[in-house]
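The values are calculated or read from the model by the stated rules, or taken from the named source; none is laboratory data. Bear in mind that the values here come from a model prediction, so they are computed numbers and not experimental data. Reconstructed Cβ throughout: ideal geometry from the backbone, glycine too, with neighbour counts over all protein chains shown.
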Amino acid sequence: MDQKSKLRQIALVAMLTIGGVQAGCAQTAPAESGATGSAGTAGAVESQPAVPAPLPVVTPAAASSTAAASANDSATDGGNVAELQRMIHGPDLAELRTTYNGSYGASLLFYAKEMTYYVALFQQKTFWRVIKTTDETRAEAIYRDFARQTVQLSDVEIRRTRLEAQKAFTERLIALQQVRANRLEADLSVARQQQAAVATQQKETRQQASALQNQKAAAQDQLRATQHQVRELQRQLESGLPTH
């Protein structure tokens with residue numbers, strides 16, 4: 001049997017099968033026998049390879065729409081966080097924008113291979129929330145919202161940081177003033193000790209001066225007495241001698 005005859009038999013079987021579906025249970029037993037015979041004829045060509053059914057065609061627009069829906073709706077924040085953590089150190093993820101406020105930050109990242117945006121809210125380099133989308137406008141809006149959240153979240157933290165700095169600065173001033181007070185107290189203690197020593201020395205000096213004054217007065221009295229004695233002895237020695 002040539003190839004054309006086989007193809008005609010396959011076409012005949014297909015037509016009989018379609019007719020059997022349309023007729024339903026109204027088919028007669030002889031028809032069923034004919035169908036069986038036809039099926040037997042079809043069985044003779046079962047060795048031929050079956051023609052695969054064509055796959056559904058997906059247009060680029062439909063694929064983009066499906067990817068966007070999957071990116072926006074199917075993944076949870078936790079799943080996106082884990083996905084971004086795996087990708088963050090790779091070469092294919094580009095950082096478009098980043099905002100820092102205190103220990104909080106927001107980043108807009110772009111995965112060019114899939115035209116996908118990742119918007120991340122993080123604290124101390126740890127991702128907190130991650131939104132994945134293929135919509136550029138939505139990604140920018142979410143990034144701005146996350147950036148505003150970092151301002152609000154960091155407000156108390158920044159205030160605490162400033163208060164801690166002011167407290168530490170005041171404590172340093174207190175320490176410096178205490179050092180200065182200690183030095184002044186040390187100087188004052190030395191001054192008091194020196195003043196006491198000077199007072200003692202002054203008292204001793206006055207006493208010594210008083211004693212020396214008495215000694216001087218006694219010495220002068222003794223000098224005058226000695227001088228008087230010398231003059232008297234001289235007068236006696238020269239007694240009876242001419243004066244000129």
Any chance region 157-166 includes a residue that's among the charged types (D, E, K, R), in contact with a strand residue (DSSP E or B) (Cβ under 8 Å, 6 or more places away or on another chain) and closer than 30 Å to Ala82 by Cβ?
yes
Which members of region 109-128 meet the condition of being touching an Asp or Glu at 6+ places or on another chain (Cβ under 7 Å) and either within 23 Å of Arg160 (Cβ to Cβ) or crowded, with 18+ Cβ neighbours inside 10 Å (or both)?
Leu109, Tyr111, Tyr117
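Only one residue in Ala211, Ala196, Ala191, Ala218 is among the small types (Gly, Ala, Ser), surrounded by 10 or more Cβ atoms within 10 Å (Cβ to Cβ) and under 60 Å from the mean Cα position of the chain (by Cα), so which one is that?
Ala191
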When region 110-132 is checked residue by residue, the ones that are touching a residue at least 40 places away in the same chain (Cβ under 8 Å) and among the aliphatic types (A, V, I, L, M) are Val130, Ile131
Just checking, which of Thr134, Thr170 is among the β-branched types (Val, Ile, Thr), closer than 26 Å to Arg86 by Cβ and either surrounded by 10 or more Cβ atoms within 10 Å (Cβ to Cβ) or out of contact with any His (no Cβ under 8 Å at 6 or more places or on another chain) (or both)?
Thr134
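Let's see how each residue does on (1) without any contact (Cβ under 8 Å) to a residue 40 or more places away in the chain; (2) hydroxyl-bearing (Ser, Thr, Tyr):
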site	(1), (2)
Thr134	no, yes
Thr137	yes, yes
Ile142	yes, no
Ala147	no, no
Leu153	no, no
Ala165	yes, no
Leu173	yes, no
Val179	yes, no
Asn182	yes, no
Of the numbered conditions (1) touching a helix residue (DSSP H, G or I) at 6+ places or on another chain (Cβ under 8 Å); (2) assigned to a helix (DSSP H, G or I), Ile131 fails exactly one; give the number of that condition.
(2)
Condition test on Val151, is it β-branched (Val, Ile, Thr) and either more than 17 Å from the chain's Cα centre (by Cα) or part of a strand (DSSP E or B) (or both)?
no
Please count how many residues of region 79-102 are in contact with a Phe, Trp or Tyr (Cβ under 9 Å, 6 or more places away or on another chain), surrounded by 14 or more Cβ atoms within 10 Å (Cβ to Cβ) and in a loop (DSSP other than H, G, I, E, B).
1
Ala196 vs. criteria modelled with pLDDT of 90 or more and aliphatic (A, V, I, L, M)
no
